[in-house]
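**Student:** Could you have a look at this structure, given as structure tokens, before my questions?
The values are calculated or read from the model by the stated rules, or taken from the named source; none is laboratory data. This is a predicted model, so every value here is computed, not measured. Quick reminder, even Gly has a Cβ in these numbers, built from the backbone with ideal geometry, and neighbours come from all protein chains shown. Quick note on the areas: whole protein, heavy atoms, side chains included, nothing else; ligands and nucleic acids left out. Shrake-Rupley method; radii C 1.70, N 1.55, O 1.52, S 1.80 Å.
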Amino acid sequence: MPVQRNGGKTAVSVKPEIILVGTFHFEQQGELIKEREFEIEKLAGYLSEFKPSKIAVEWPQHLQKDLTKHFLETEKSYGQNEIEQIGFRVAKKLKLKNVQAIDYEGDLTPEDMEKLYSAISSHYPAIQKKLTDFAEKEAQMDEKGSLYDIFKGLNNPSQLSALERIYLSFISVEENEELIGAEFLRKWNWRELMIFKHVVDVIDTPKERVLLLIGRDHLWSLKKLFEGRGYRVINPFAASLEGNEINELHTN
């Protein structure tokens, strides 16, 4: 941890910490999620051991009041989404009064993504191969894989580096003189900056420790932004907790 020297004395420089957790969207695997309540509870328990002072989730920031109301009214009967299944569970375990809405949708649309992937499949076989190869290595939600292993795969640093290279390769994608890839990245990066800003805005003290639960594709850029501001970024799936055996998550 950085230190500052003042008059011959050594002082510890305290910086906010971001527990960065990339997730898949649970509603896309609704039936399987219903069968994994025990694993979800264990995963929430594991994340709560990091003692975050705040929980931030992928919910539109301008709807904070709605999120707080829903959080306060929800007790154990959680919806089929990661915000409630993990975010709410962890916050309830830690007796937090609310969870923080930090998302910003911006003007990036499904049509933008469809246009990008259509151009790639038609004219950019090298990028298409990267996408295909990456998809084959993805942690898959199936009946045999543990939820902890899936999250460990989603947050694997080498996979995140590969994802970053894929995203940055989009800059070359053009069609009929339209800068499709550059326009996609412009919108994507603006969204990332606004999410970054919203997280920064909920940090009240240098001792703050925020657990940010967000779609895995956001991790590579957000990590750089938080570290660039001087925050410590923690990957809970690449760390061991003193006195806590993570293999416990694999047992019934």
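**Student:** Tell me, in nm to one decimal, what length is gained between Glu49 and Lys69 on full extension, where the rule is 0.36 nm per residue of separation less the Cα-Cα distance?
**Tutor:** Additional length available on full extension: 4.7 nm.
**Student:** Return the Cα extents of segment 70-147 along principal axes one, two and three, sorted largest first, each rounded to a whole Å.
**Tutor:** Sorted from largest, the Cα extents of segment 70-147 read 52, 37, 17 Å.
**Student:** Next question. Rounded if a/c is under 1.5, else prolate if a/b beats b/c, else oblate: with a ≥ b ≥ c from the C-alpha gyration tensor eigenvalues square-rooted, which is segment 84-209?
**Tutor:** oblate
**Student:** May I pose another question? Of the cross-linked pairs Lys15/Lys137; Lys34/Lys224; Lys54/Lys223; Lys93/Lys197, which ones have a Cα-Cα span greater than 29 Å in the structure shown?
**Tutor:** Lys15/Lys137; Lys34/Lys224
**Student:** Which of the following values of Cα Rg over 2.2 N^0.38 Å was calculated from the structure shown: [x] 1.08; [y] 0.92; [z] 0.97?
**Tutor:** Matching the structure shown: [x].
**Student:** With the full set of protein chains in place, find how many percent of the accessible area of segment 91-152 is carbon and sulfur; take the probe as 1.4 Å.
**Tutor:** 51 percent
**Student:** Okay, next question. Note down the relative contact order for the chain as a percent, whole number, built from C-alpha pairs under 8 angstrom at least six residues apart.
**Tutor:** 37 percent
**Student:** May I pose another question? Once R0 is set to 35 Å, what does the formula 1/(1 + (r/R0)^6) return for the Cβ-Cβ distance between Glu164 and Glu35, expressed as a FRET efficiency to the nearest 0.05?
**Tutor:** Efficiency at R0 = 35 Å is approximately 0.60.
**Student:** Please list Leu163, Leu63 in order of solvent-accessible area, largest first, computed with a 1.4 Å probe with all protein chains present.
**Tutor:** I get Leu63, Leu163, largest accessible area first.
**Student:** Assuming 0.36 nm per residue, please report the length gained on full extension of the stretch Thr132 to Glu178 beyond their Cα-Cα distance.
**Tutor:** 14.1 nm
**Student:** Just to check I understand the Karplus step: with θ = phi - 60° and J = 6.51 cos²θ - 1.76 cosθ + 1.60, what whole-Hz values come out for segment 206-213, glycine and proline as x?
**Tutor:** Whole-Hz 3J(HN,Hα) from phi for segment 206-213: x, 8, 5, 10, 9, 8, 9, 9.
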